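Here's the structure we're looking at; comments come further down.
The values are calculated or read from the model by the stated rules, or taken from the named source; none is laboratory data. Just so we're clear, the structure is a prediction, and the values are computed from it rather than from any experiment. Note that each Cβ is placed from the backbone with ideal geometry, even for glycine, and that neighbours are counted across all protein chains shown.
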Amino acid sequence: MDFLISHTHISPFYLVITGFIIGILGGFFGVGGSFLAGPALFAVGVPMNMVVGTDLAHIVGKSIVATKKHRALGNVDLKLGFIMVIGTIAGVEVGAQAIEQLKQFGRASVDKVVGITFVVVLISISLFVAWESWQTIKMQRQRKLDAEKSGVGFKELKAKQDESAFDHIARRIHKINIPPMIKLRASGVQRISVWAILLVAFIGGIFSGFLGGGAGYIRMPAMVYLLGVPTHVAVGTDLFEVVISASYGTLTHAIKGNVDIMIALVMHTGAAIGAQIGATATEYFHGPRIRLAFVPLPLIGAAIVIYGLLSGENLK
């Protein structure tokens, strides 16, 4: 099938299946799926600037479906999500402007710079989350053994199943006293500076505008490790935030000519179904294991981008 806006020929079946897989993963991990959707489009010849904008358009619809499901499960902190939108939108515009500057040097420059940046970011996140999740699981196993010896009840152990080995960092950030300070009841955060939330969202927005997608691969781990939000709530809240920020990102990239809406719509037919399956599946896993299961996905995305760069398919 020929897509006239991006001047590419791609099988609709490939796009639907890709969307379905990304929908499952996005609903489960609370990310837009750009760590796979972007590389998947890049590998079949879509220019990187078009990949960024089209990926944003595709994840809007999928994230709406997944957010609705997570909302029903009680996994969305609306207050946190609305605050993060402000920082994310500012960051998205910065990232999108960076793409525009790169376009002046030609398509090859955009593809190489964005592609290499994508690979470095994805591998770094994967390695860090793998290390942290494994440390947390080992810590929980030791606590379980100690609890069995001391007679601690099941409820006390269950309450700590969503902890992180980096909880001490979140506690330090909660102590930063820069007004206004707020309470995130749905996330169980008693006191945190609005500026800390905005900074995390702004950084995620830059990655979203520059690399495409909702940048949930940055924001979801950041909410857990830096803001101290439980993993299940971070998953649902990130999806809610992505709906708004990705809509803005789609608009700003569409104005700049970086969106092939037909590719996005074809992908969404599969993603809408997959998103519901993924969101439901989160109920059967604890926080550290959700994070550990996330680890291979950025590596797969990085491998696909590397293939596109080395094969030269994207430059045809």
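All conditions in (1) touching a Phe, Trp or Tyr at 6+ places or on another chain (Cβ under 8 Å); (2) at pLDDT 80 or above hold for Val113, with the sole exception of (1).
Outside any helix (DSSP H, G or I) and surrounded by 24 or more Cβ atoms within 10 Å (Cβ to Cβ) - does that describe any residue in the stretch 12-31?
Looking for residues that are outside any helix (DSSP H, G or I) and surrounded by 24 or more Cβ atoms within 10 Å (Cβ to Cβ), one finds at least one in the stretch 12-31, hence yes.
Can you tell me which residue within the stretch 52-87, out of those that are part of a helix (DSSP H, G or I) and touching an Asp or Glu at 6+ places or on another chain (Cβ under 7 Å), is surrounded by the fewest Cβ atoms within 10 Å (Cβ to Cβ)? Out of the qualifying residues, it is Val85. Mind checking whether some residue in the stretch 124-144 is exposed (fewer than 14 other Cβ atoms within 10 Å of the Cβ), at pLDDT 80 or above, more than 24 Å from Ala293 (Cβ to Cβ) and within 21 Å of the chain's Cα centre (by Cα)? No, the stretch 124-144 has no match at all. Against the list (1) touching a helix residue (DSSP H, G or I) at 6+ places or on another chain (Cβ under 7 Å); (2) over 22 Å from Gly81 (Cα atoms); (3) modelled with pLDDT of 85 or more, the condition His268 fails is (3).
A single member of Ala234, Ala222, Ala201 is among the aliphatic types (A, V, I, L, M), under 27 Å from Phe42 (Cβ atoms), touching a residue at least 60 places away in the same chain (Cβ under 8 Å) and part of a helix (DSSP H, G or I), and it is Ala201.
Scanning the stretch 88-103 for residues that are buried (at least 23 other Cβ atoms within 10 Å of the Cβ) and of a type in the set (S, T, N, Q) turns up just one, Thr88.
All but one of (1) surrounded by 15 or more Cβ atoms within 10 Å (Cβ to Cβ); (2) closer than 25 Å to Gly23 by Cα; (3) without any contact (Cβ under 8 Å) to a residue 24 or more places away in the chain hold for Val113; state the number of the condition that does not hold. Just one mismatch for Val113, condition (2).
Of the residues screened, Val46 is one that is in contact (Cβ under 8 Å) with a residue 24 or more places away in the chain, more than 15 Å from the chain's Cα centre (by Cα) and closer than 19 Å to Thr8 by Cβ.
The number of residues in the stretch 277-288 that are assigned to a helix (DSSP H, G or I), crowded, with 16+ Cβ neighbours inside 10 Å and not aliphatic (A, V, I, L, M) comes to 5. Only one of the numbered conditions (1) farther than 30 Å from Lys183 by Cβ; (2) crowded, with 22+ Cβ neighbours inside 10 Å; (3) out of contact with any Leu (no Cβ under 9 Å at 6 or more places or on another chain) is not met by Arg291, and that is (1).
I'd like to know if the stretch 88-97 contains one or more residues that are more than 22 Å from Val200 (Cα to Cα) and either of a type outside the set (Lys, Arg) or within 17 Å of the chain's Cα centre (by Cα) (or both). The answer is no, given that none of the residues of the stretch 88-97 is more than 22 Å from Val200 (Cα to Cα) and either of a type outside the set (Lys, Arg) or within 17 Å of the chain's Cα centre (by Cα) (or both).
Annotation: of all residues in the stretch 299-309 being modelled with pLDDT under 80 and either farther than 13 Å from Gly115 by Cα or not small (Gly, Ala, Ser) (or both), the one that is surrounded by the most Cβ atoms within 10 Å (Cβ to Cβ) is Val305.
Residues in the stretch 242-258 include at least one that is part of a loop (DSSP other than H, G, I, E, B) and surrounded by 23 or more Cβ atoms within 10 Å (Cβ to Cβ). When Ala90, Ala98, Ala40 are checked against the criterion of being part of a helix (DSSP H, G or I), modelled with pLDDT under 85 and touching a helix residue (DSSP H, G or I) at 6+ places or on another chain (Cβ under 9 Å), Ala40 stands alone in meeting it.
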